[in-house]
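Chemist: Pasting in a structure now, in structure tokens, and then I'll have a few things to ask.
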Amino acid sequence: MSKQRDLPQRPLTLRQGANFGWSLGVVLRRWHEQVEEVLNNLPHRSRGYHILAVVVHEDVPTQGALASRLVIDRSVLTYLIDDLEDAGLIERQLDPRDRRARRIVATGRGRQVLAEAEQRVALAEERVLGGLEAEQRAAFREAVEQAAREIMGAAPGTDPCLAVSRVLG
């Protein structure tokens with residue numbers, strides 16, 4: 001059964017004047033403002049944070065796989081990684097299975113910086129969603145994460161950074 005057939009057959013009932021895109025844009029803009037501010041000591045701020053988080057929390061085998069996972073152009077990723085490496089947060093290592101490939105590995109300092117950054121980001125996100133009850137915040141986060149996974153699964157080439165810059169531009 002296709003995903004399309006799983007959708008409700010009756011029209012959704014929306015509040016008069018509701019604008020989902022505008023609402024997401026407002027939330028995203030506030031998130032970006034708050035998070036960029038709390039990550040001002042991290043190279044490339046939120047972009048550096050996303051790279052470091054994937055390197056620490058996921059098993060991304062090579063620099064090329066990291067570019068694919070984050071949907072960042074490989075040439076752009078090279079510059080971002082250079083700056084994170086210069087800051088002592090990550091390092092490139094030869095992949096023992098393929099000497100042409102490079103693995104990106106967090107340093108001990110990188111793990112510590114990420115742990116501190118994650119705490120600051122969590123507080124910033126709580127401020128962004130502060131108008132919601134705790135249960136609503138949890139449901140919102142879960143729904144957005146599920147939607148993002150579905151979108152990326154259906155269209156893995158979607159560049160989230162480009163989408164964000166279009167909203168914030």
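Every number here is computed from the coordinates shown, using simple stated rules; none is lab data. Keep in mind that this is a model prediction, so the values were computed, not measured. Glycine gets a Cβ as well: all are built from the backbone with ideal geometry, and neighbour counts include every protein chain shown.
Chemist: Note the full-extension length gain between A115 and Q146 as 0.36 nm times their separation in residues minus their Cα-Cα distance, in nm to one decimal.
Modeler: 8.8 nm
Chemist: If packing is taken as the average number of other Cβ atoms within 10 Å across a peptide's residues, how do 126-134, 59-67 rank, most packed first?
Modeler: Result, highest mean first: 59-67, 126-134.
Chemist: Taking the mean number of other Cβ atoms within 10 Å as a proxy for protection, how do you rank 118-124, 38-44 from highest to lowest?
Modeler: Packing proxy ranking, top to bottom: 38-44, 118-124.
Chemist: I would also like to ask the following. Please list 3J(HN,Hα) in residue order for region 59-69, calculated via the Karplus relation 6.51 cos²θ - 1.76 cosθ + 1.60 where θ = phi - 60°; whole Hz, with x for glycine and proline.
Modeler: Listing the rounded values in order: 9, 9, x, 9, 4, x, 5, 5, 4, 5, 4 Hz.
Chemist: Tell me the label-point distance for the pair Y79, R100, using the 7 Å Cα-to-Cβ offset, in nm and rounded to one decimal.
Modeler: So the label points at Y79 and R100 sit 2.6 nm apart.
Chemist: Continuing with this model, one more query. For L89, list long-range residues whose amide hydrogen, built 1.01 Å from N in the peptide plane, is under 5 Å from its own amide hydrogen.
Modeler: none
Chemist: Spin-label point model (7 Å from Cα, Cβ direction): what's the L28 to E135 distance in nm?
Modeler: So the label points at L28 and E135 sit 3.0 nm apart.
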